[in-house]
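Data block below; observations after.
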Amino acid sequence: MTTITTSQTTPHPLLDSLRKVASSYLLRRLGKALFTIWFVATITFFVIRAMPGNAIDILMQDLTAQGVSAEDARNQAAALMGIDLDQPLGSQYLDYLNNVIQGDFGHSYRSAGLSVTKMITTVLPWTLFSVGLSLIITFVLGIALGTIMAYKRDTWIDHLLSNLAATLDAVSPYLIGLLAILFFGIIWKLVPIMEMRGSMSSGMKPGFTLAFLADIFKHVRVLLLVYVLSSIGSWMLQMKSNTVATLGEDYVTVARARGLTDGRILTAYVGRNATLPLFTRLAISVGFIVGGSVLLETLFTYQGIGFLLARSISERDYPVMQGVFLVITVSVVFANLLADYVYGWLDPRIRLVGGDN
Amino acid sequence: MHTSKSSVPDFLSGFWRESIKTLKILSRNKMGLFGFIMMILIILLSFVGPLIWPPETSANVAEINKGVSAKHWLGTDFQGQDNLRKIINGGKDIVTIALITGVLSMLIAVVVGSFSAFIGGRVDSLLMEFVNIWLTIPKFPLLAVLATVLSLKDVIMLSVLMALLDWPALARQVRSQVLSLKNREYIEAATMLDLGTPRIIFRELLPNMMSFIAISTIFEMTHAIYQQTGLVFLGIVPYSSANWGVMISAAERRGVLFNPQAAWSILAPMGAIVLFQLALVSFARSLDEVFNPRLRTGV
């Protein structure tokens, strides 16, 4: 009897391992990330090619308005986008996906001869640098302030910080950026705002020299401050509520009863458990900051990827626009994936869900 | 059902009684009352104000970038036009965008989110999987690219586009709210009475999450205002009409930001946006007391 039932319930070993692979946390997350990228690439294809009033049609109209013949306009638009317009839409779509996988996004319409990929690779490091640095500062500072708020709850310092956090959380990064320029740069004259335009001073040689590092910091500091101010509010509030919740847990009471020092309880018990859920917010924060970078980099003329997107939009440079948008999305999706992996690594409970049961 | 037809006056007086009761409850909460009055004032001023103080048609060279004075309460801009008058004339677009985007996206979110929670199973997990994927896509760049290619003509089209992009996040919140309410006794009772899913959702569930819906709608409204301001700054939404976003962007473009004298041209529209947001949020917070009778005990 028992042998029969086991042979019925245990699936084929190959099927079983396949099922294990499919239910593996890491692989499932990777699959989802790839699906997201495919989904966005498909939207982008529709926008540039298949939608009524799509980018290629507009580009062709634009070129014919400049006196280019209809035939030439069609060829030029197709060449810029790297799409063969004579093929059926289905194979155009496959070609497009193939190009995207190879990192080929066509050529710029306004900056003649420049490939979109080249334009992106020159600006991307600046955004990664400024967004990454601000994310680390915000995370550390937000956790520290949130913990202080929780430990000092219902004192004046908690009320002050909570109100500050709620206000910063409610105002858009763009307004904070404008206010920063207005007050720090113009009214109080704390920073030379005009000299800070661009991501580094002209003639500066990139390298690990002190002068270069000082120069890029000079250019990035106000932008960094605005990024931190605009996203720290939600971190503080979240950390406060997590810490308050953790402080009420039984294991914290037990730790107190055991006579552990406050410092040890804070680092080994409260801090760890309260910080853990914030890693999922890290991913949301990346998207938020990168989205805000389109406005803020433009406001500060900081030559990153958001600045490039804003410029390609104002110049109606469609090949650049779609390429930059895809790269922004892919970066955010992979940042999400990374945050999930870090979370899974830090919190074993997550990994086990759907794993071996 | 036929009683509702014959007793229209009854229904009306009931409506008035309810409204007065609501106002009374509102007036107990000072922040809420402030928010409510401020909100009504801003909306009235934005729609009626332009009839009383129409926009200035010509530039006033003698009064460019003046500070605050008795004549110009909020100073003048780079064309010498009065900032206060511009703010009165620039509110209509902002209020319209906020209302349409907020209400429309919440409407979609409530329908999708609550049905998803009720149906459950594969439909629910598929929908939520889609929502999660949607949430990882950076929304502002997507909005900017779509708005550019679609070259939207008016405020309503823009609001609809924003609502279509923003509802999934709200739907997820609605779903989790519904899931937490679903196991309450009165919902189980309604399910056992076989009242039908739509009736349970609209008559039993939604009234119990009205304050949550109101607050989420209002957060979406302020989000929409900021997105519109950003689109104006990028030059995607045309400069056809004066609104607060256009005022900020125009001041920025004219280098007003580098002229301390003209700070008011940029602070005034910003202040208007923040004040409207503050009014909405404090009104929404007080709504909790209106919708939740248990909070009214301290009368």
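Structure values in brief
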{"read-out": "Condition broken by B:Asp194, with the remaining ones in (1) part of a helix (DSSP H, G or I); (2) over 19 Å from B:Met106 (Cα atoms); (3) not small (Gly, Ala, Ser) satisfied", "value": "(1)"}
{"read-out": "Pair list, Cβ < 7 Å and 6+ apart or interchain, from segment A:240-264 residues that are among the basic types (Lys, Arg) to residues that are surrounded by 16 or more Cβ atoms within 10 Å (Cβ to Cβ) and part of a helix (DSSP H, G or I)", "value": "A:Lys240/A:Gly146; A:Lys240/A:Met149; A:Lys240/A:Ala150; A:Arg256/A:Ile265"}
{"read-out": "2 or more residues in contact (Cβ under 8 Å) with a residue 60 or more places away in the chain: qualifying helices (runs of 4 or more DSSP H) within segment A:33-118", "value": "A:55-65, A:70-81"}
{"read-out": "Scope segment B:268-288; condition buried (at least 20 other Cβ atoms within 10 Å of the Cβ) and farther than 25 Å from A:Leu182 by Cβ; matching residues", "value": "B:Ser282, B:Phe283, B:Ala284, B:Ser286, B:Leu287"}
{"read-out": "Filtered residue count, segment A:188-198, keeping only those that are within 13 Å of chain B (Cβ to nearest Cβ) and more than 30 Å from A:Leu237 (Cβ to Cβ)", "value": "7"}
{"read-out": "Entirely in segment A:274-357, the helices (runs of 4 or more DSSP H) that have 1 or more residues that are under 17 Å from the mean Cα position of the chain (by Cα) and more than 8 Å from chain B (Cβ to nearest Cβ)", "value": "A:278-299, A:305-314, A:318-346"}
{"read-out": "Close pairs from segment A:176-187: first more than 11 Å from B:Ile266 (Cβ to Cβ) and within 10 Å of another protein chain (Cβ to nearest Cβ), partner of a type in the set (D, E, K, R) and part of a helix (DSSP H, G or I), Cβ under 9 Å, at least 6 apart", "value": "none"}
{"read-out": "Filter result for B:Met157 (more than 9 Å from chain A (Cβ to nearest Cβ), closer than 22 Å to B:Val110 by Cβ and out of contact with any strand residue (DSSP E or B) (no Cβ under 9 Å at 6 or more places or on another chain))", "value": "no"}
{"read-out": "Any chance B:Gly230 is within 12 Å of chain A (Cβ to nearest Cβ), in contact with a helix residue (DSSP H, G or I) (Cβ under 8 Å, 6 or more places away or on another chain) and on the phi > 0 side of the Ramachandran plot", "value": "no"}
{"read-out": "Segment A:146-176, residues that are assigned to a helix (DSSP H, G or I), farther than 20 Å from B:Leu278 by Cβ and of a type outside the set (D, E, K, R)", "value": "A:Gly146, A:Thr147, A:Ile148, A:Met149, A:Ala150, A:Tyr151, A:Trp156, A:Ile157"}
{"read-out": "Subset of segment A:204-239 [part of a helix (DSSP H, G or I) and among the hydroxyl-bearing types (Ser, Thr, Tyr)]", "value": "A:Tyr227, A:Ser230, A:Ser231, A:Ser234"}
{"read-out": "A:Leu190 part of a helix (DSSP H, G or I) and closer than 30 Å to B:Phe233 by Cα", "value": "no"}
{"read-out": "Only listed residue being away from chain B (no Cβ under 14 Å), touching a residue at least 24 places away in the same chain (Cβ under 8 Å) and either over 25 Å from B:Gly230 (Cβ atoms) or out of contact with any strand residue (DSSP E or B) (no Cβ under 9 Å at 6 or more places or on another chain) (or both), chosen from A:Ser201, A:Ser172, A:Ser162", "value": "A:Ser162"}
{"read-out": "Among (1) surrounded by fewer than 21 Cβ atoms within 10 Å (Cβ to Cβ); (2) within 25 Å of B:Leu150 (Cα to Cα); (3) at pLDDT below 80, the one test that A:Ser108 misses", "value": "(1)"}
{"read-out": "Within segment B:85-117, tally of residues that are hydroxyl-bearing (Ser, Thr, Tyr), crowded, with 23+ Cβ neighbours inside 10 Å and under 18 Å from the mean Cα position of the chain (by Cα)", "value": "2"}
{"read-out": "Single residue of A:Tyr318, A:Tyr302 found to be of a type in the set (Phe, Trp, Tyr) and within 18 Å of A:Leu225 (Cβ to Cβ)", "value": "A:Tyr302"}
{"read-out": "Pair list, Cβ under 9 Å, 6 or more apart: segment B:215-244 residue of a type in the set (Gly, Ala, Ser), other residue assigned to a loop (DSSP other than H, G, I, E, B)", "value": "B:Gly230/A:Ser172; B:Gly230/B:Ile236; B:Ser240/B:Lys153; B:Ser240/B:Asp154; B:Ser241/B:Gly90; B:Ala242/B:Pro55; B:Ala242/B:Gly90"}
{"read-out": "Conditions (1) surrounded by 11 or more Cβ atoms within 10 Å (Cβ to Cβ); (2) without any contact (Cβ under 8 Å) to a residue 12 or more places away in the chain; (3) outside any helix (DSSP H, G or I); number of the one not met by B:Ser58", "value": "(1)"}
{"read-out": "Residue satisfying all of: in segment B:119-152; charged (D, E, K, R) and more than 12 Å from chain A (Cβ to nearest Cβ); nearest to B:Ile236 (Cα to Cα) among these", "value": "B:Asp124"}
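This table checks each residue for (1) at pLDDT 85 or above; (2) closer than 19 Å to B:Pro50 by Cβ; (3) more than 9 Å from every other protein chain (Cβ to nearest Cβ).
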| site | (1), (2), (3) |
| --- | --- |
| B:Gly235 | no, no, no |
| B:Tyr239 | no, yes, yes |
| B:Ala250 | no, yes, yes |
| B:Val256 | no, no, yes |
| B:Ser286 | no, no, yes |
| B:Pro293 | no, no, yes |
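The values are calculated or read from the model by the stated rules, or taken from the named source; none is laboratory data. Predicted model, so just to flag it, every value in this text is computed and none were measured. No Cβ is skipped: glycine too gets one built from the backbone with ideal geometry, and neighbour counts run over all protein chains shown.
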